[in-house]
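Undergrad: Pasting in a structure now, in structure tokens, and then I'll have a few things to ask.
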Amino acid sequence: MNATTQPSVADLKRDLHLIASADPGESPDDPRLVEDLGLDSLAMAEVMVLLEEKYGMTGQRVSLLTRDWRGITVSQIYEESCRTNSGTHPAG
């Protein structure tokens, strides 16, 4: 990974499955964080650190803390991280 490319949506999906201790083969292609992966508030704190440190969603701590995560999918979070990192190009 270099300064102009961030991790791929597949990387994010893998990272979130690891946090959730979930089997990727048993979840939908674009799982919802709460409903499909079963992430609770403690796991979401870990997700917030991941999003800030690995996916560059810095400066958004308040919105990440107060967000209603129900119904939010992996691809939605990935797209949001791409928008946050203007000038980066998704790695697919």
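Derivation of every value follows stated rules applied to the coordinates shown; laboratory data play no part. Fair warning: this is a prediction, and the values are worked out from it, not measured in the lab. Glycine also receives a Cβ, built like all others from the backbone with ideal geometry; neighbour counts cover every protein chain displayed.
Undergrad: Residues with beta-carbon under 12 Å from that of Ile72, excluding Ile72: net charge, scoring Lys, Arg +1 and Asp, Glu -1?
TA: Once all neighbours under 12 Å are counted, the net charge is -3.
Undergrad: Per 0.36 nm of contour for each residue apart, how much would the distance between Asp29 and Thr84 grow if the chain were fully extended, relative to their Cα-Cα spacing?
TA: Between Asp29 and Thr84, full extension yields 17.5 nm more.
Undergrad: Just going by the charge dipole of the range 12-61, with Lys and Arg at +1 and Asp and Glu at -1 on Cβ, which of Met48, Leu18, Gly59 is farthest out on the positive end?
TA: Of the candidates, Gly59 comes out farthest on the positive side.
Undergrad: How far, in nm, would the chain grow between Asp40 and Asp11 when pulled straight, counting 0.36 nm per residue and subtracting the alpha carbon separation?
TA: In short, 8.4 nm is gained.
Undergrad: Once the piece of chain linking Asp68 and Val49 is laid out straight, how much longer is it, given 0.36 nm per residue of separation minus the C-alpha distance between them?
TA: 5.2 nm
Undergrad: Need one number: nm distance between label points at Ser75 and Leu18, each 7 Å from Cα along Cα→Cβ, rounded to one decimal.
TA: 2.4 nm
Undergrad: Also: Taking the Cβ of Arg32 as the center, what net charge do the other residues with Cβ under 13 Å away carry, scoring Lys and Arg +1 and Asp and Glu -1?
TA: Spelling it out: positives minus negatives among the neighbours equals -3.
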